[in-house]
Amino acid sequence: MPVYKLTYFNLGALAEPIRWAFKLAEVDFEDERIEREDWPALKKSGRFPSENMPLLEIDGEVFTQSSAILRYLGNKFGLTVDDEIQRLRLDQVIDITTDVRPSFRAYFFEADPEKKEKARLTIVNEVVPLYLRQIEGIVIKTDGPYIAGSKLTYGDLSLTAALNVWIGVGVITEAQLQEAYPATAKLREAVLNVPQIKAWLEVRPKTTF
Ligand SMILES: N[C@@H](CCC(=O)N[C@@H](CS)C(=O)NCC(=O)O)C(=O)O
């Protein structure tokens, strides 16, 4: 078995679906968490080729890009489906959640309180509905609970982790998700109740998202 080391901030966010993949496969990995104050020096240390995280080391070889890493582990650990159209849906959902990130970045890094509130309202009223409508449209194509029907895949892990960020940041509540996007809410519940994930959520370091 290869030696895996995952490095990220002390957050769920982009690393969390990767951690869940390891937990589901019951494969050991080192869960290195970098404190914010240590990051500026580490970023320029030469250890991080993309100067960002997450980073996955497999037997010492360094890999970047969270979606590529998740897809690799999903394929390796059987968290995927054979059907190509179903796989297209998984990847579509991952790319949709990726498209949302720039608007979150603009909000997080805005210093002016008035502009920050405007950015938040744009996310709440325009960005989240636009993307969740698309996701709901994909999820309802099967009887659920997952994107590919009864089979849990890396796409569900990615989507659920993204939803947890959106809920954690406060741009949508669990009740609003349930009300407006019931199939997506059902999928998130199903993923969070998978025994290995549920057990991990109870012991993992507590963070806002
Ligand atoms: N496309 C990359 C994006 C990685 C990324 O933006 N990471 C952020 C954290 S979510 C980061 O490391 N930010 C610190 C920095 O850029 O200095 C991926 O999916 O892995």
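Read-outs: derived from the displayed coordinates by stated rules, not from any lab. Please read these numbers as outputs of a predicted model, since none were measured by experiment. Neighbour counts are summed over all protein chains in view; Cβ atoms, including those assigned to glycine, are modelled from backbone coordinates with ideal geometry.
Numbers at a glance
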item: 57, 179, 110 arranged by Cβ crowding within 10 Å, fewest neighbours leading; result: 179, 110, 57
item: 20, 166 arranged by Cβ crowding within 10 Å, fewest neighbours leading; result: 166, 20
item: Per-residue [θ]222 nm for the chain (sum of -39500 (n - 2.57) over DSSP H runs n ≥ 4, rounded to 500); result: -17000 deg cm²/dmol
item: Helical segments meeting 20 Å axial Cα length and Kyte-Doolittle 1.0 threshold in the chain (DSSP H); result: 154-169
item: Dipole moment magnitude, nearest 20 debye, the chain about Cα centre, only Lys, Arg, Asp, Glu C-beta charged; result: 200 debye
item: Footprinting exposure proxy for 69, 140, 147, 34 (fewest neighbouring C-beta atoms within 10 Å first); result: 140, 34, 69, 147
item: DSSP beta bridges in the chain [antiparallel fraction, %, rounded to 5]; result: 65 percent
